[in-house]
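**Q** Sending over a structure as structure tokens; questions will come in a sec.
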Amino acid sequence: MSQNHLFSSGLELANLVVNSGVLYHSWAAVRDLYSEINQNEQQSLSVRYKVSQQPNSTTIAFFTWPACSKDYVIQGGGGEELVSSSTLKESFPLFEFLCTKTNPQFSINKAALELFASIRDSLPSLTSQIDSKPVIITGNSLGGSVASLFTLWLLEKINLSSTKTRPLCITFGSPLVGDDGLQEAISKYPTWNSCFLHVVSNQDPIPRVLISPHNPIDSIYKPFGTFLLHSELGCACFEDSQSILDLLTATYSEGPENQNPNQVLEFYEALVQHLNHKVICKDATQLVKRNTKSFEAGIITQLEAIGLVRPQQQQRNNGIDNLITRTERQEKKLVILKRHVFDPSKKLNDMKINMAYLEWYKKRFKDKGIGYYDSYKNPSNLSDLNVVRYKKILTCYWEEMVDEAEKKPQKEGASFRTRWLFAGTNYRRMCEPLDIAEYYNKGLKDYINQGRPKHYKQLEQWLKETEKPASNPSQSKKQNVAYSLTEDSCFWAHVEEARISCELLSSRESSIGEKESSKHNLVEFENYVLSLMKNYAVSPEIFLPRSSFMLWWKEYEEIIRKGIMGAAYYSTLTDLMKSRSYQNYATGGLEIP
């Protein structure tokens, strides 16, 4: 991808946030909560909260004293004060839903977790005050950490598919909350990651206390969400985790004026007023023209806004140049990653076209009396080769789809699976028979246990998790059975195994044990087919004259005729096949006792 086509949107995103007024209203909620606290009372590490109802939104604010937040976090030893999800599993399992198969463990800052746990009994009351209006969750210092944890908990509690808006969490001067496991659990799911905006002043030490000042890249704590960094020159937004760690360290303007951590409340008051003033006065950052490529120019302009590069500066030191290079590299990787993120909905229409071709292929060979499974198994024309290409495209899509669903947090993964279950089930029922044909064409056996791909197993498991218990087939199902796909996508594997059993049973070289096992397998196969027919769960195509199922029946009928299955062998299925009653199946007129 050409660099000329890449652009950094950090300034535009910052301007959008400022112009929306959401920063002003969020800080106002924190300020109002602060003003209600008795200034003479002894400051302690506790969290206060308040719910404010506005005509168009609900705001939940959390407040802690910055000085107490800083002392407590530092006193804990920084990176050592992490609590792992495995420890929380029994005592405080509120965040267990974040664990996935690919990211089974994460850790959360102990101080933030203890403060959040202190309001655990109040969580039902807080959520009861949330209605259909947009929800803004905000907080300062460790109160911001509590706000982040509350938002995470809320994301699991609410049904995102039924709500028009997701909660937005805006923190002011919050320390980092967790390790790379937590960062990955949130950042790998863009919908959740976009719910977090962290505002940081260059004069606030608290967001930086858990970062190694000498080597921020190796920090145990990792940021998630979007960070809006602010200086007296302006603000810019950054989303890449490594860039944020670098910039949090580089932008800290330590001085005598911020020896009192509680003074940061004044900094954020001034910050919000300053940004609001820029909006009212239509004051915009003046972009400096540079003889640089577009993406690099965007990064430099963002660094100007947060005070790291001075406007019109002709020479820069090596440290700043290295920072520009690192930031550009990391932000560019993030932009490219976003462009290539797997979005199933964008490709779904293409997949529908591929499925339509397979449906045409299926109908074509049904009319020829052979069925698409056996046509594919014995390729003889160009359309069979085209199916290979379409099947490969569909399989790549659904393998990636299943993989993405498995990576998602538990609840979101379940919602994702439900949303795409119908299309996935149709794909599985249409395409897996073709994979079965390829498998047995190679002379292999036991597809179900030895050769079945993982994504088919997962798609079938998802259906079982949501499927209602089977009942008697409806009249509509009977009438439309001619147009349906066989519900068990492994049906043809059972047919192939039944034919192998017939072969073993007819062979003089088979041992007594093999013959007895084959008899048992054939009886089981009869019962399996009969149950499918009773529920009208198998396609009538299995009865086409040249199908593998009818070939099995000819082989099996001969075995019965020879008395190999026992003298005067009788079963319901063999009676249906001998009397040709199965011919009534396609019209829904077959009644099986």
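The values are calculated or read from the model by the stated rules, or taken from the named source; none is laboratory data. Keep in mind that what you see is a predicted model, and the values were worked out from it rather than measured. Positions of Cβ are backbone-derived with ideal geometry, glycine not excepted, and every protein chain shown enters the neighbour counts. Protein only, heavy atoms only, side chains kept; ligands, DNA and RNA dropped before computing areas. Shrake-Rupley method; radii C 1.70, N 1.55, O 1.52, S 1.80 Å.
**Q** Just to be sure before I move on: is Phe62 crowded, with 18+ Cβ neighbours inside 10 Å and modelled with pLDDT of 90 or more in the structure I sent?
**A** In short, yes.
**Q** Any idea how many residues of the range 17-29 are closer than 13 Å to Leu168 by Cβ and surrounded by fewer than 21 Cβ atoms within 10 Å (Cβ to Cβ)?
**A** 5
**Q** Could you tell me whether Thr486 is in contact (Cβ under 8 Å) with a residue 40 or more places away in the chain, surrounded by fewer than 13 Cβ atoms within 10 Å (Cβ to Cβ), at negative phi and of a type in the set (Val, Ile, Thr)?
**A** Answer is no for this residue.
**Q** Which one of Phe172, Phe196 is within 26 Å of the chain's Cα centre (by Cα) and aromatic (Phe, Trp, Tyr)?
**A** Phe196
**Q** Suppose we filter the range 460-475 for residues that are modelled with pLDDT of 85 or more and open to solvent by less than 100 Å² (accessible area, probe 1.4 Å); how many remain?
**A** Residues meeting the conditions: 4.
**Q** Taking the range 447-459 as the search range and keeping residues that are buried (at least 19 other Cβ atoms within 10 Å of the Cβ) and not aliphatic (A, V, I, L, M), which one is modelled with the lowest pLDDT?
**A** Selected residue: Gln458.
**Q** Here's something else I'd like to know. Cβ-Cβ distance below 7 Å, separation of 6 or more or different chains: which pairs start in the range 125-151 with a residue that is over 23 Å from Asn109 (Cα atoms) and end on one that is charged (D, E, K, R)?
**A** Qualifying pairs under 7 Å: Thr127/Lys157.
**Q** For the range 172-195, indicate whether the set of residues that are farther than 21 Å from Pro223 by Cβ and in a helix (DSSP H, G or I) is non-empty.
**A** Checked against the condition, which is being farther than 21 Å from Pro223 by Cβ and in a helix (DSSP H, G or I), the range 172-195 yields no hits at all.
**Q** Here is a follow-up. Which one is modelled with the highest pLDDT, of the residues in the range 307-352 that are open to solvent by less than 70 Å² (accessible area, probe 1.4 Å) and among the hydroxyl-bearing types (Ser, Thr, Tyr)?
**A** Checked the range 307-352; the qualifying residue modelled with the highest pLDDT is Thr327.
**Q** What are the pairs, 6+ residues apart or on separate chains, where a residue within the range 579-592 that is closer than 17 Å to Glu526 by Cβ has its Cβ under 8 Å from a residue that is open to solvent by 30 Å² or more (accessible area, probe 1.4 Å)?
**A** Ser581/Asp575; Leu590/Ser581; Leu590/Asn584; Ile592/Lys534; Ile592/Thr572
**Q** Among the listed residues Glu503, Glu487, Glu497, identify the single one that is out of contact with any strand residue (DSSP E or B) (no Cβ under 7 Å at 6 or more places or on another chain) and not in a helix (DSSP H, G or I).
**A** The unique qualifying residue is Glu487.
**Q** Go through Leu88, Leu82, Leu94, Leu98 for me and flag whichever is surrounded by 13 or more Cβ atoms within 10 Å (Cβ to Cβ), closer than 26 Å to Asp179 by Cβ, in contact with a strand residue (DSSP E or B) (Cβ under 6 Å, 6 or more places away or on another chain) and at pLDDT 85 or above.
**A** Leu82
**Q** Still on this structure, please answer the following. Hey, among the residues in the range 516-569 that are of a type in the set (D, E, K, R) and either in a loop (DSSP other than H, G, I, E, B) or farther than 27 Å from Glu438 by Cα (or both), which one's least open to solvent (accessible area, probe 1.4 Å)?
**A** Selected residue: Glu558.
**Q** Shifting gears a bit: Can you go through Asn202, Asn159, Asn140 and tell me which one is at pLDDT below 90 and closer than 22 Å to Leu247 by Cα?
**A** Asn202
**Q** Against the definition (touching a residue at least 12 places away in the same chain (Cβ under 8 Å) and among the charged types (D, E, K, R)), how does Lys534 come out, yes or no?
**A** So Lys534 passes the test.
**Q** Another question, then. Of the numbered conditions (1) touching a Gly at 6+ places or on another chain (Cβ under 8 Å); (2) part of a helix (DSSP H, G or I); (3) open to solvent by 60 Å² or more (accessible area, probe 1.4 Å), Gln105 satisfies every one except a single condition; which is it?
**A** (2)
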